Amino acid sequence: MSKEARGGASCSPFRPHREKWGEELTGSAEQGSVRLGYCCSQVPVEIILAAGFKPVRLPLSSSPEAPTRTSLRMGGPCCMRLRRLIESVKSGGRTALYGLVMTNGCDAMLRFHSLWGIKLSAPCTPFFNHLMQIPFRCRGEVAVRFYHRELLYLKECLESHFAIEITDADLRAAIRKTNRIRRSLRDLRARAREASSRQTGGSSPYQGTKRILVVGPEGPEKTLLMSALRDSYGDVFFDPLGCTEYPSIDCLAETPGETPLEWIARHYVLNPGYCPKAANEAPKNASFARWMGPDPPPCGILLLTDPRCRLWRAEAINWEKWTSSQRIPLLWINGKVQRERVLRAGRWLDRLLERKA
Amino acid sequence: MKQAEALVLQSEKAPALWSGDPVRDSEDRESLTGLLSAYFECVRRAVGEGRVLLIHSPEVPPEIFYAFPAVLPVLDELLPFFELFWGCPSGGGRDRMRWRRHCQNLCPLDRLKLAAVLSLQLDHRVLAVGTTSACDSNLAYLKVLESQCEDSVFLVDAPFRPDGPSEDLRERQVWDLVEFLAAKTGQPPDWSRCSEAMREANALSEAFLKLSRLERSGSFPFSNSFFFFKPLLQAAAASTPAGMRRAIRILRERIARNALPGDSGPWLRIGWLEMTPLSSLSFADLLETQVRAVTVAPLLPGIPIPRSRPSSLRELVRFTARNMGRHPCTRDLAMRLETSLAEIVQRIETCRVDAVLMTYQRPCLNVLSSLEPIEGLFRSMGIPFLKLQADPFASTRVVLSRSARLQAFLADCAARRRIRFSG
């Protein structure tokens, strides 16, 4: 299997739909509109859209560039995510970015923000490099006000950097667009549940009890392993966290008497995306529970983590505790994709799905 | 065992545990180890009286804790010394680290903190308070602790921006913290003690400011520098303001005794960039006999000193929230590297150092990713530098090999200095 094919393979049955909606969201690829990267589910894509940019979630799972010396030396020690982020941003041509919006969600993002301009050169100038601060644990009106201030700051920075104006009408249009996507996601979920209840199998992510929940940060290692496993086991894998470009499938509510920025702030603070820095008990996280919904529990959970990512490694404890209390088998793969790890996952899946290798 | 080996240079000087009043009565407290053992004796007594140990990270200003007589705040940076000075059951915490797989990629300091807290929990009630502004390793240690001891950990959201909404968020968090502590101790905050605490907090801030000025005013023996003296000061401050004042006086006397006029004399002036805490501990004796240290690390952006004492609990909470946004934070990752580099350059030029010694721990990933720009800076300035991986918990063999490198570097620097002066 070629590297491109492996990199392009999806570990989530939602992937084709996401791509389709992504096109709807960002306009077709032929339009060649300017792209602005973001790399956290807490970054409001509505503002990027309202500014006239195509939001691109980074790091890209399959970077077209080979690892550079810079990315290896700076990103390598920290985590694969930072390395891929550097590569994704530095890669030129079709994927050139005009900027990047990050949060203080992990050290990798903070380090990237800090290193920018010192050792990393921008693919296009002037590059927009913005760091948002996120309320992680506090949920309430005071956190909404804080996040609203961050949104205002982001809007002001975008306006001054690109000499544009983002009006309330632009924001409303962007909100309508993202709400369409959320409604589509909800429809897909309802249809998938119907398919599951009819036991039709096929490409539904809910094939009775024979579904494996995949958990872990998005990245090349996860893509590689899942593409290898999907070749052998088909669509038994369900990856809700891979769908967290939008923090929830609830539509963004328009509250009378408030500005669109306030709607956005309220939505993102009260419907947080999954974040290992914020979560203390992953399976009980509100966003995650909403995705899991009333469906029957999976027959197994596959946890894939980067050995250098400290937050995910600590978060694995919560998954272990939860799965043991629920009596759900868990396989935790912590490291690079190697032959023995793929075989180990295969043996575990064979036992679980009661089929021969 | 490794820890004991690594700390042997300092621990050999450790006096016997204290008898009598540990804060007032002994000249041994003029050494780091003496003050630390006095401090741990204070902690031991307080815990014996039934107080709850509250482990907190340096980003959380301690004054709010003084409102709760039932808790004893202990800075988490002091935890690595617990085994050495308190005689905790050394294996206790490590045996309880059943989640070893989850802790393997933590930095050694955080692993040691975790082991110490788990050891202490065997016999005492322990609470922990941290912030989300700390590094991932520190957060991961708190997450592991949270999973082991439910409802004993409180994490504060502490954004950095010094504006109104940030302060409101921090203030809300501090109120939540007050409620958490009240629920855990079963007692409401004591305002009269708060008032006293504010005086202590003021004394602490003033003392740290003095120390910062002293430390940056000239070169002095290695073990008197701020990083070496900080645990001592923190320990003393946690005991009483009088302890802090005494510690400051000791430092001032030692600096006056050892400081050199100008940049003349046989001593090397080494710019010391300790990038991770305690990473120079193993080389302290070697450096102390050969060099004068000048700290070039940009770690103290400014210490707020309150002008007046608050008149109510609400004011104290507000002060704490504001302080949390400005408190000097060694793990301030949001600080742009550009700012740090500019300050390092300014320090090097002001102090006219002969060379720079960078010490760091290998597992600190954030430091590793920023090494290249800092090395580039020294190259462009033409300053000789040595990059030393100095894990304080490394084995003796490793420490000796690193010491050989350090000695060679110092000899080289001394030769350069001779050539410069003779030329």
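The values are calculated or read from the model by the stated rules, or taken from the named source; none is laboratory data. The model shown is predicted, which means the values in this text are computed figures rather than measured ones. Methodologically, a virtual Cβ is constructed for each residue, glycine included, from the backbone with ideal geometry; neighbour enumeration extends over all protein chains shown. To get the accessible areas, we keep the full protein, side chains included, count just its heavy atoms, and leave off ligands, DNA and RNA. Shrake-Rupley method; radii C 1.70, N 1.55, O 1.52, S 1.80 Å.
Computed quantities for the displayed model
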quantity	calculated
Residue B:72 long-range amide H proximity, modeled H, under 5 Å	B:52, B:53, B:54
Complex-versus-alone comparison for segment B:129-151, residues with a loss of 10 Å² or more in accessible area, probe 1.4 Å	B:132, B:136, B:137, B:139, B:140, B:143, B:144, B:146, B:147, B:150
Probe 1.4 Å - accessible area at residue A:172, Å² to nearest ten	90 Å²
Residue pairs, from the table B:113/B:143; B:143/B:184; A:210/B:143; A:54/A:177; A:321/B:143; A:222/A:277, whose Cα atoms sit over 23 Å apart	A:210/B:143
Protection proxy ranking, peptides A:150-161, B:108-119, average beta carbon neighbours within 10 Å, highest first	B:108-119, A:150-161
Inter-label distance, nm, simple model (7 Å from Cα along the C-beta direction), residue B:349/residue B:380	1.3 nm
Residues of segment A:136-178: accessible area per residue with a 1.4 Å probe, Å²	45 Å²
Segment residue A:157-residue A:343, length gained on full extension (0.36 nm per residue, minus Cα span)	62.0 nm
Computed accessible area, residue A:139, all protein chains, 1.4 angstrom probe, square angstrom	90 Å²
Solvent exposure ordering (accessible area, 1.4 Å, most first) of A:46, B:77, A:254	A:254, B:77, A:46
Size of the B/A contact, given as accessible area buried on both chains, probe 1.4 Å, in Å²	4300 Å²
Solvent-accessible surface (1.4 angstrom probe) belonging to residue A:336, in square angstrom, nearest 10	110 Å²
At R0 = 41 Å, FRET efficiency that the Cβ-Cβ distance of residue B:416 and residue B:339 yields, to 0.05	0.85
Accessible area in the full protein assembly, largest first, 1.4 Å probe, for B:419, A:164	B:419, A:164
5 angstrom amide H check on residue B:361, placed H, neighbours 5+ away	B:276, B:390
Spin-label pair residue A:351/residue A:165, simplified geometry with 7 Å Cα→Cβ offset, distance in nm	6.6 nm
